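**Q** Just dropping this structure here.
The values are calculated or read from the model by the stated rules, or taken from the named source; none is laboratory data. Since the model is a prediction, treat every value here as computed from it, not as a measurement. Please note: Cβ atoms are built from the backbone with ideal geometry, for glycine as well, and neighbour counts cover all protein chains shown. Keep in mind that these areas ignore ligands, DNA and RNA; they rest on the heavy atoms of the full protein, side chains included. Shrake-Rupley method; radii C 1.70, N 1.55, O 1.52, S 1.80 Å.
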Amino acid sequence: MSDLPGQISVREVGPRDGLQNEDPVPTDAKIELINRLSATGVGRIEAVSFVRPEAIPQMADAAEVWQRISKAPSVRYSALVPNLRGAGRALDSGLTEIEAVVSASDTHNRKNVNRGTEESLDDIAVIIDQAHQRGATCQVIVSTAWGCPYEGDVPVSRVVRVAGRAVADGADSISFGDTTGMATPRRVRELVGEFRLAYSGVPLNLHFHNTRGTGLANVLTALELGVADFDASVGGLGGCPYAPGATGNIATEELVYMVEDMGVATGIDLAAMIDAAADAEQIIGRQLPSQVLRAGPRTRTIPA
Ligand code: ZN
């Protein structure tokens, strides 16, 4: 364990990736949830995405949410954008950190944004330039990095090539997204290893879903490889658009619970994150999958 990073940076993606895969919730409830999360000690929050409201009605109020949340100085807020138009809206709204997303799988990318991976990468080169011109940073998220619901396995070489194109075009960092929870520790080792070999100096963020129960095992493997930036979603909010009823992102409080006990600092107050997860459950109106939310910290005692 001595080789693990001393601290990691967690990006809370519940307000975006989580809520995007749930029934729409009122704008005020979103704002309250983000404000609550901002007070947990988390360093990064993916607050909204700027997507077509017809495509994703859950994010139709992105600009309003962004305007009205209380921005904590200790938190870096970001927005996800699928294309040039979304990037323009995000930058016009004053975001200084955006994430442009492209699927490693051509079929998934076409289903998502109606164009192939290469065409999206062409647009992303422009998005990166626009972000930089306006003093913002741009992370490129390569989704379906561990597999695609339409094509199955995506070759590691292809995923690394897609990320490499983004790096060559000036991406500030790369994130690999396990969009439908197909990653396993062995596959994390393969992809992170190949990427690091080719692009050792590029900051790398990982985004795991717990769809098949391997989320935290994947995190542990990545920690052993020195990765220190992870996405997670409060309460395990969210789901999988291709598997009705399946669980969503790894739960933030479960991630915090595990790594803090291994001596890896997150800056997050576990009790505050569990409280936020309970709030998220109220907002959604159904039980969320987080087991730490159910059981509490391991040192929680009951009256004898
Ligand atoms: Zn996701």
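**Q** Regarding residue 85, is this residue within 30 Å of residue 185 (Cα to Cα) and open to solvent by 80 Å² or more (accessible area, probe 1.4 Å)?
**A** On the way: within 30 Å of residue 185 (Cα to Cα): no; open to solvent by 80 Å² or more (accessible area, probe 1.4 Å): yes.
For residue 85, the condition - within 30 Å of residue 185 (Cα to Cα) and open to solvent by 80 Å² or more (accessible area, probe 1.4 Å) - is not met.
**Q** It is to be established whether one or more residues within segment 142-164 are of a type outside the set (Lys, Arg) and within 30 Å of residue 69 (Cα to Cα). Explain how you work it out, then say what you get.
**A** Let us first name the residues in segment 142-164 that are of a type outside the set (Lys, Arg), namely 142-157, 159-160, 162-164.
Then keep just the ones that are within 30 Å of residue 69 (Cα to Cα); that gives 142-143.
Yes, some residue in segment 142-164 is of a type outside the set (Lys, Arg) and within 30 Å of residue 69 (Cα to Cα).
**Q** Could you pull out the residue among 131, 168, 198 that is surrounded by fewer than 15 Cβ atoms within 10 Å (Cβ to Cβ) and under 29 Å from residue 93 (Cα atoms)? Break it down into steps so the answer makes sense when it comes.
**A** Numbers: 131 fails: surrounded by fewer than 15 Cβ atoms within 10 Å (Cβ to Cβ); 198 fails: under 29 Å from residue 93 (Cα atoms).
Just one listed residue meets the conditions, 168.
**Q** Determine which single condition residue 119 fails, assuming it passes every other condition in (1) under 13 Å from residue 84 (Cβ atoms); (2) buried (at least 22 other Cβ atoms within 10 Å of the Cβ).
**A** Among (1) under 13 Å from residue 84 (Cβ atoms); (2) buried (at least 22 other Cβ atoms within 10 Å of the Cβ), residue 119 violates only (2).
**Q** In segment 1-26, how many are surrounded by fewer than 17 Cβ atoms within 10 Å (Cβ to Cβ) and assigned to a helix (DSSP H, G or I)?
**A** Looking only at that region, the number is 0.
**Q** Right, something else. Considering only segment 46-127, give the helices (runs of 4 or more DSSP H) lying wholly within it that have at least 3 residues that are modelled with pLDDT under 95. Break it down into steps so the answer makes sense when it comes.
**A** On the way: elements: 62-68, 84-92, 106-113.
In segment 46-127, 106-113 are the helices (runs of 4 or more DSSP H) which contain 3 or more residues that are modelled with pLDDT under 95.
**Q** Given (1) under 21 Å from residue 179 (Cα atoms); (2) touching a residue at least 40 places away in the same chain (Cβ under 8 Å), where does residue 217 come up short, assuming only one miss?
**A** (2)
**Q** A follow-up question, please. Being within 21 Å of residue 288 (Cβ to Cβ), among the basic types (Lys, Arg) and in contact (Cβ under 8 Å) with a residue 24 or more places away in the chain narrows it down to one residue among 76, 11, 68; which is it? Show your work before the answer.
**A** Working: 76 fails: within 21 Å of residue 288 (Cβ to Cβ); 68 fails: within 21 Å of residue 288 (Cβ to Cβ).
Matching residue, one of 76, 11, 68: 11.
**Q** Identify all residues within segment 258-291 that are part of a helix (DSSP H, G or I) and buried (at least 23 other Cβ atoms within 10 Å of the Cβ); write none if there are none.
**A** Quick first cut of segment 258-291, residues part of a helix (DSSP H, G or I) only: 258-261, 270-284, 291.
Passing the criteria: 259, 273, 274, 276, 277, 280.
**Q** How many of the residues making up segment 27-45 are outside any loop (DSSP other than H, G, I, E, B), touching a Gly at 6+ places or on another chain (Cβ under 8 Å) and open to solvent by 10 Å² or more (accessible area, probe 1.4 Å)? Even if it seems obvious, please write down each step before you answer.
**A** Taking segment 27-45 first, the residues outside any loop (DSSP other than H, G, I, E, B) are 27-38, 44-45.
Imposing the further condition that a residue be touching a Gly at 6+ places or on another chain (Cβ under 8 Å) reduces the set to 33, 37.
Within this subset, residues satisfying the condition of being open to solvent by 10 Å² or more (accessible area, probe 1.4 Å) are none.
Within segment 27-45, residues that are outside any loop (DSSP other than H, G, I, E, B), touching a Gly at 6+ places or on another chain (Cβ under 8 Å) and open to solvent by 10 Å² or more (accessible area, probe 1.4 Å) number 0.
**Q** Okay, next question. Output the residues belonging to segment 219-251 that are within 13 Å of the ligand (Cβ to nearest atom) and not aliphatic (A, V, I, L, M).
**A** Result: 230, 231, 233, 236, 238, 239, 240, 241, 242, 247, 248, 249.
**Q** Here is a further query. List the number of the failed condition for residue 112; all other conditions in (1) open to solvent by less than 10 Å² (accessible area, probe 1.4 Å); (2) within 23 Å of residue 25 (Cα to Cα) hold.
**A** The one condition residue 112 does not meet is (1).
**Q** Provide a single number: the residues in segment 183-209 that are touching a helix residue (DSSP H, G or I) at 6+ places or on another chain (Cβ under 8 Å), away from the ligand (no atom under 16 Å from the Cβ) and small (Gly, Ala, Ser).
**A** Looking only at that region, the number is 1.
**Q** Restricting the first residue to segment 92-119 and requiring it to be of a type in the set (Phe, Trp, Tyr), which pairs with a second residue that is part of a loop (DSSP other than H, G, I, E, B) and open to solvent by 10 Å² or more (accessible area, probe 1.4 Å) meet a Cβ separation below 9 Å and a spacing of at least six or different chains?
**A** From residues that are of a type in the set (Phe, Trp, Tyr), there are no pairs.
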